[in-house]
Amino acid sequence: PRSTLDRSSAASDVYKRQVEGLRNTSELPQVNDQVEGILETDKSLRIIKINGKISFGSLMGLMAKTKMPNWGTNDYIRATVVSLTNGLIHIMVKNDNDENGVIKSTCNLCADRVVKVQKGVKCVSCGFFKYKKLASDFQG
């Protein structure tokens, strides 16, 4: 029988390989990369994924100004990196890209579940409607 020390060492080796495999995804996004994350304010996105891979860095993206924001705080969105100027990651939800937009959302009034309707989302509880630019893979 293997000793406890041998088993913990083997488990440790597996863990190290998993962590080393993940470490490579902490790189900075480049222009035209797709980033996903949670909007913490109407202008800042906490980046969780870069090109579909989880990012373990604490990266924030700055949303480009638009006339009418098509998202809300706490929405989970996908956007495109448009520049890396002055050490900031500038991102934009591009209207001509079906993959860009809100992926997950909740009601802005009561925080309940929303469903896709016409050109936005509607709350299943209170009926509040909000126009949002939805990604093609919107999940509610």
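The values are calculated or read from the model by the stated rules, or taken from the named source; none is laboratory data. Not measured: the values here are computed from a predicted model. Here the Cβ is made from the backbone with ideal geometry for all residues, glycine too, and neighbour counts use every protein chain on show. Only protein heavy atoms, including side chains, enter the accessible area calculation; ligands, DNA and RNA are left aside. Shrake-Rupley method; radii C 1.70, N 1.55, O 1.52, S 1.80 Å.
For this structure, a couple of remarks:
- Of Lys53/Lys116; Lys65/Lys133; Lys65/Lys122, pairs whose Cα-Cα distance is over 22 Å: Lys53/Lys116; Lys65/Lys122
- Local charge for Val35 was computed over the other residues whose Cβ lies under 11 Å away, with Lys and Arg +1 and Asp and Glu -1, and equals +2.
- Accessible area (Å², per residue) of the range 36-108, counting only protein heavy atoms and a probe of 1.4 Å: 54 Å²
- Under 11 Å, Cβ to Cβ, from Lys94 - net charge with Lys/Arg +1 and Asp/Glu -1: -1
- Rg to Rh quotient for the range 50-107, alpha carbon positions, Kirkwood Rh: 0.95
- Summing +1 for each Lys or Arg and -1 for each Asp or Glu among the other residues whose beta-carbon sits under 14 angstrom from that of Leu84 gives -2.
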